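The values are calculated or read from the model by the stated rules, or taken from the named source; none is laboratory data. Because the structure is predicted, anything quoted here is derived from the model rather than measured. Quick reminder, even Gly has a Cβ in these numbers, built from the backbone with ideal geometry, and neighbours come from all protein chains shown. Calculation scope for accessible area: heavy atoms of the full protein, side chains included, ligands and nucleic acids excluded. Shrake-Rupley method; radii C 1.70, N 1.55, O 1.52, S 1.80 Å.
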Amino acid sequence: MSTAAKRPTIIVDCDPGHDDVFALVVANHYANLVGITAVHGNAPLSRTLPNALIACDVFGIGAPVFAGADRPLVAPPRNAPHIHGESGLGGPELPPVRRAAEKTGAVEAIIELVRKHEGEGVWLAPLGPLTNIALALRAAPDLGKRIAGISLMGGGTLHGNRAPHAEFNIWADPEAASTVFNYGGPLKMVGLNTTHQVVITKEFVQRVSALGTPSAKFAAELLDFFSTTYGEQLGVYGGPLHDPCAIFAITHPDLFDLREKRVDIELHGEFTRGMTAVDERPIVQSKKEKPNALVAYEPKSAQIFELIYEALATSPSA
Ligand code: BDR
Ligand code: CA
């Protein structure tokens, strides 16, 4: 089993979204989760914000939740109902929202939380379009130097999903992604080349369901819905659990092969806007552009599912 890094301090920026919920569960279990910021993405912010609050209620997550951007910097707002349903969390019956979001907005919250926890080395973990993170980096030019790093789910080295070469989170706000990839500090990119090796099976859904608690039932229904909608896209039952991987790249980095790469965001291509252009040329590093990212490859998928199961098994019931 992978060994955990020292319990890191994390702010999760998310657009729940099925896989975002599992990322919140593992961040709460394996890290010091000090804040959750919501952003437009899988569904409009009017859904992703309450969905984040519902996930906190169901899985006993106490971190404060903040509302962020309801649209990308430049691109028109676009969602993913064909994968996540109109609510963003298709599958289980959603309980009413019992907790309230904080009054502070996401950008201000990110800046304040990073300053407050600076001594602990704060990681930002964006799991949706990068609008909130780009706005925070622009609003506080010192932010990039105050964080331990950014570990994001987005992009990929092989193919896209929302477009042939573009993954949804990058495609939804490429200008924001470009700001984040060029911020100048440590950045881990966990993209589709990795997350498409971390695929839910029917056996895993049944194992989670067999835990028998209300939160496990909720989790199993999310996993099943997501695996069914992905199954319609990929031709076989099973959704890739993308977002938890970006959390594990912080908490359990030895679950991946992290390789230094130069990654640029394509902003102008007619067929490639939103692509992560990863320099994979087999030439010596000194002849390439300076690397700006650690790109994840070769996930230890079985261990990842065991860690997710353990986090779900110890979640308080709703
Ligand atoms: C990413 O897009 C969303 O559908 C998922 O939550 C994940 O963050 C995968 O492309
Ligand atoms: Ca997401």
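Quick notes
- Failed condition for residue 261, given (1) in contact with a Pro (Cβ under 8 Å, 6 or more places away or on another chain); (2) within 16 Å of ligand 2 (Cβ to nearest atom); (3) of a type outside the set (Val, Ile, Thr): (2)
- The single condition from (1) in a helix (DSSP H, G or I); (2) touching a helix residue (DSSP H, G or I) at 6+ places or on another chain (Cβ under 8 Å); (3) away from ligand 2 (no atom under 11 Å from the Cβ); (4) open to solvent by less than 40 Å² (accessible area, probe 1.4 Å) that residue 20 fails is (3).
- Which listed residue, of 143, 137, is over 30 Å from residue 316 (Cα atoms), under 19 Å from the mean Cα position of the chain (by Cα) and not small (Gly, Ala, Ser): 137
- Filter result (part of a loop (DSSP other than H, G, I, E, B) and acidic (Asp, Glu)) within region 78-113: 86, 93, 102
- Considered as a group, the residues in region 209-230 that are among the hydroxyl-bearing types (Ser, Thr, Tyr) and open to solvent by 50 Å² or more (accessible area, probe 1.4 Å) include one that is nearest to residue 85 (Cα to Cα), and that residue is 228.
- Filter pass, residue 32 being among the polar types (S, T, N, Q) and crowded, with 22+ Cβ neighbours inside 10 Å: no
- Checking 162, 207 one by one, the residue that is within 13 Å of ligand 1 (Cβ to nearest atom) and among the charged types (D, E, K, R) is 162 and no other.
- When 98, 47 are checked against the criterion of being more than 16 Å from ligand 2 (Cβ to nearest atom), open to solvent by 50 Å² or more (accessible area, probe 1.4 Å) and at negative phi, a single residue qualifies: 98.
Conditions (1) assigned to a loop (DSSP other than H, G, I, E, B); (2) surrounded by 22 or more Cβ atoms within 10 Å (Cβ to Cβ); (3) at pLDDT 95 or above, marked per residue:
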| residue | (1), (2), (3) |
| --- | --- |
| 237 | yes, no, yes |
| 248 | no, yes, yes |
| 264 | no, no, yes |
| 271 | yes, no, yes |
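- Restricted to region 250-262, and to residues there that are aliphatic (A, V, I, L, M) and either open to solvent by less than 10 Å² (accessible area, probe 1.4 Å) or under 21 Å from residue 59 (Cβ atoms) (or both), the residue that is nearest to ligand 1 (Cβ to nearest atom) is 250.
- Contact map, region 17-28: first residue acidic (Asp, Glu), second residue more than 9 Å from ligand 2 (Cβ to nearest atom), Cβ cut-off under 6 Å, separation 6 or more or different chains; pairs are 19/241.
- Some residue of region 185-208 being at negative phi, aromatic (Phe, Trp, Tyr) and buried (at least 24 other Cβ atoms within 10 Å of the Cβ): no
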